[in-house]
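In what follows, a single structure is set out as structure tokens and then discussed.
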Amino acid sequence: RESRVETSRIGDGRLTNPFTDASARPRVVRAVREPTPARVSEERPILATHCRVDMTPDNATMPTPGSGGRPSRVSAVNAKEILSGKRERELFDPDEARRQAAAKRAAAAAERERAEEEMIARWKEEDRAKAEAARQKAAAVAGTTPAEEGEGAEGGPSQEGAEEGAEGADTAVSTSTLAGRSKKNPGEGSSIDRLAGPAKRDEIPLPPPPPEPTQPYAPPVTHLGDGTSSSAKTWPVFGCDDCDYNRHGCYQCLMGPPVRSAFKPESAHHYDVPSVPVYHPTEEEWAGDPLAYINKIRPEAEKFGVCNIVCPPSWRPEFRLPNKDELRFRTRIQAVNELQDRPAGPSKRARENAAKARAALEAAGIDPATFPPGFLLSGGGMGGGGGRMGGGGQKPTPPAPDTPPGSTGLNDDGGGDGDDDERGKRSESPSKGDATEGAQTELDPNPNSNAAAPNASHKPGPGRPCKQHPKPPPTEAETKKADAILAQYGFTSGERHTVKTLERYSDYFKRKYFSGAGGVPIETSIRDLEGEFWRLVESPAGRSVEVIYGADIATMEVGSGLTNKDDPCLDAPDQKRYATSPWNVCNMPYNPSSCLKHVEATTGITVPWLYFGMTLSTFCWHVEDHHFYSVNYHHFGDPKVWYSIPAAYSEKFEEVMRRRLPHLFSAQPDLLHSLVTILSPKVLRDEGIPVYRAEQHPRSYIITFPYAYHAGFNTGFNCAEAVNFAPVDWLPYGAVATEQYVAAKRYQSVAHDQLLATLCEACENRPAHCATVAAVMKERVARERERWSAAVPSRVGNQVRMAGTDDAPDLFERDCHKCQADLNWAGVRCECKSKRLYCLRCVKECNCNPHRSTVFYRHTIEELDAKCARLETLAKEAGGVADRAAAQVRR
């Protein structure tokens, strides 16, 4: 055994360590023996760790008998006995001590368990005796003796008697005879003496049996998502610990706002809005090209802004969303009463959330003033960023002023990389913006999002690492702009829902809100819902009606509701044909006649959005991004109600919106692109703007035409899927949209100049498109000539053709630093800020000497004129006529 040296206590009471304190080291003690000469040679030192020795330091006095310490004589005798083998060493074995303690604990536990078993056995015997006494008493009252009841055919106890006794015993145990009994308080008569005599207290009578139910029990309706119709009087049941299991639940168990208002049919606002045309294509027309069919009906349909196409009976695709039962998606909370008449600034819910956050910080001893303005508002997912419909999802950090989306936000003097603002990054981010129930979007400035497929040719590869630069602190101007963005109106983020939970909440809202006296749900028609919707929009005083909307769900991430090309359809082989159908919304952007087939995959433009709506959820007035066409397919559920304004009245509509709602536009200049505001048909018709109405049911398409404003709401739970497409007749509208975006310094999700150059080359194989492309191209070249004349050489002294080198960079997918225009054709750089690029419109932003500026161009004006001449020649050979006049493009 290794030696264990313990700490000794010296004369002054200090504890010392014998290994570190030389004065405290144990002395070598020699055993004191009888002066026998024969054994003197056997004396050897004995260590203090092998026997009980004196641990006193050398300079201390030895204890004497009677002084309280161990006498040296006793120590010597102990050492002598151990050395002689007379007795074993007196050493302490901790393992043995632990084993003994464990054995004692186990024995005590066994004793307690045995005592408990004996106590329980006594209780059972007492209960059995009481049950037997009760049985005998009951038999005596019935006029029979216990012996007669207990005798069987052969004089022994019968089986019925045994079972009856067992039942009686069970009954006795389950009644109040055990009330108040426990191991600590066994109660009166629980000892063995209790078996010898009668009970000391009266028996408690058994309760009467419950009455038979008057009607069979039906479990509460907790989910109505199986598609079956339920009775009008059935209700989804909610409840949790937070609301004390209230039948109508709270925000936590509803996963949505509680219903605080009720339907008022007597105050409904009904308007007789003309209907848009409804088309029923034949089987032969359906088997052809959908863009050709839309072009056939366009002369009539585009006068209404929107048209409705009902599928033929043969078109019956199933809703095949992958993992639709497990899919969880973000929702947005919409206050219907705030869509038209509201004060400028954040929504009421956002302000309430900010007040709660402020109170929580103050309760925690944190001063809310230490946080930047707008910080508390951003916690609610406010603002217009992140998808469409003004808010929802996570609120991204606002970009710095005049910082192109996709860039790092660096000061150019700080050495930011010139490739950081490439348009190629836009495909790696979900679009923001004014996409609709129709579908377009804009870039989300969050660089970590991954909603759309990256363009492989511009994605950093192994040989081209992505450069990272430290972000400088924001300036005062940047902080003010960020605060202004956070303070804008937007829909707050709601809970994550599944398809079933959102359907459940929608059904609950509809039955609770549209109910009569006593809370009994009433049947409502689409006209009733429409009248109530406009009542809430136009007369919101004192009312608060909030709904949730599952909008802008990227099918690139979750999958499409229509059959995917990778789906083997083993469970339904007949559904495989819908994967390649030209009417599949996933295929329409890439139709051979669509200009968007030349555009990379962009969520909301060429990749569809999914929409899960509920009762009264709304999509407000808007146009498509870049004034594209859009198609919206209704998968299943309750109808949608659409309203549209023809493109010829769009400019007047924008003027009316600014005049009617000046306080909202002053606080939020891009209000028309935020999808958070709506005006009623009555207001618009009073202003001389025609409004039309469409009612979309499952298995039908809504087509929105370029630059046609549209809005609407859902009459119940439903699902739709929307995407953009662009036939060649869209090109003139796209040119107008580009100039509008430049004037508003708004980011362009599609580079129009780059797309136009690509279409010029594609016209060699599609002569039917040459007339329209030639007209738009000719107008664009004329504008370019004017800008060159104004900028070169008065402001720009050097001209270099793009070559893809450091001295002659290729400005493919680069944007103007000031107005965010596409620089595919030409861009200007000055030596004073070499990382900034300007278009020919904004070259005046730099006041340096012209010789310090250089314009990088892709084509000369002469080469562009030659392209136009080639297109006109092809158009004449094909016999085509321009689909839109150049004067319309110039407006």
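The values are calculated or read from the model by the stated rules, or taken from the named source; none is laboratory data. Keep in mind that this is a model prediction, so the values were computed, not measured. When we count neighbours, we look across all protein chains shown, and the Cβ atoms used for this are built from the backbone with ideal geometry, even at glycine. Accessible surface areas use protein heavy atoms only, side chains included; no ligands, DNA or RNA. Shrake-Rupley method; radii C 1.70, N 1.55, O 1.52, S 1.80 Å.
Tabulated values for the structure
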| quantity | calculated |
| --- | --- |
| In region 775-809, the residues that are without any contact (Cβ under 8 Å) to a residue 12 or more places away in the chain and within 14 Å of PHE856 (Cα to Cα) | ALA803, GLY804, THR805, ASP806, ASP807 |
| Selection from region 806-864 of residues that are assigned to a loop (DSSP other than H, G, I, E, B) and under 18 Å from SER789 (Cα atoms) | LEU823, TRP825, CYS839, LEU840, ARG841, CYS842, CYS846, ASN847, ASN849, ARG858, HIS859, THR860 |
| Listing of strands (runs of 3 or more DSSP E) fully contained in region 698-779 that carry 3 or more residues being among the hydroxyl-bearing types (Ser, Thr, Tyr) | 700-704 |
| Among residues of region 671-697, those that are over 24 Å from PRO540 (Cα atoms), within 32 Å of the chain's Cα centre (by Cα) and part of a loop (DSSP other than H, G, I, E, B), counted | 1 |
| All positions within region 569-609 that are open to solvent by less than 20 Å² (accessible area, probe 1.4 Å), assigned to a helix (DSSP H, G or I) and out of contact with any strand residue (DSSP E or B) (no Cβ under 8 Å at 6 or more places or on another chain) | GLN575, TYR578, ALA579 |
| Options LEU664, LEU675; residue that is in contact (Cβ under 8 Å) with a residue 60 or more places away in the chain, surrounded by 18 or more Cβ atoms within 10 Å (Cβ to Cβ) and at positive phi | LEU675 |
| Any hit, region 297-308, residues being under 26 Å from GLU503 (Cα atoms), at pLDDT 95 or above and outside any loop (DSSP other than H, G, I, E, B) | yes |
| Sole exception among (1) in contact with a His (Cβ under 7 Å, 6 or more places away or on another chain); (2) closer than 30 Å to HIS697 by Cα; (3) surrounded by fewer than 22 Cβ atoms within 10 Å (Cβ to Cβ) for GLY716, by number | (1) |
| Every pair of residues 6+ apart whose Cβ atoms lie under 6 Å, when the first sits in region 850-872 and is of a type in the set (Ser, Thr, Tyr) while the second is open to solvent by less than 50 Å² (accessible area, probe 1.4 Å) | SER853/VAL796; SER853/VAL828; SER853/CYS830; THR854/VAL800; TYR857/ALA826 |
| Of all residues in region 265-305 being of a type in the set (Gly, Ala, Ser) and open to solvent by 60 Å² or more (accessible area, probe 1.4 Å), the one that is nearest to PHE705 (Cα to Cα) | SER275 |
| Pick from region 755-765, criterion touching a residue at least 60 places away in the same chain (Cβ under 8 Å) and either over 35 Å from the mean Cα position of the chain (by Cα) or more than 21 Å from ASP865 (Cβ to Cβ) (or both), ranking: surrounded by the fewest Cβ atoms within 10 Å (Cβ to Cβ) | GLU764 |
| Any hit, region 724-734, residues being over 30 Å from ALA866 (Cβ atoms), touching a Phe, Trp or Tyr at 6+ places or on another chain (Cβ under 6 Å), crowded, with 20+ Cβ neighbours inside 10 Å and not hydrophobic (A, V, I, L, M, F, W, C) | yes |
| One residue from GLU687, GLU695, GLU721 being touching a helix residue (DSSP H, G or I) at 6+ places or on another chain (Cβ under 6 Å), more than 23 Å from ARG746 (Cβ to Cβ) and either open to solvent by 10 Å² or more (accessible area, probe 1.4 Å) or not hydrophobic (A, V, I, L, M, F, W, C) (or both) | GLU687 |
| Identity of the residue in region 500-529, surrounded by 18 or more Cβ atoms within 10 Å (Cβ to Cβ) and among the aliphatic types (A, V, I, L, M), that ends up farthest from ARG328 (Cα to Cα) | LEU529 |
| Number of the condition not met by ARG511 [criteria: (1) at pLDDT 75 or above; (2) basic (Lys, Arg); (3) over 26 Å from ILE678 (Cα atoms)] | (3) |
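To keep it simple, each residue is scored yes or no on (1) more than 21 Å from PRO207 (Cα to Cα); (2) modelled with pLDDT under 50; (3) acidic (Asp, Glu).
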residue	(1), (2), (3)
ARG114	yes, no, no
ALA121	yes, no, no
GLU126	yes, no, yes
GLU132	no, no, yes
LYS137	no, no, no
ALA147	yes, yes, no
ALA169	no, yes, no
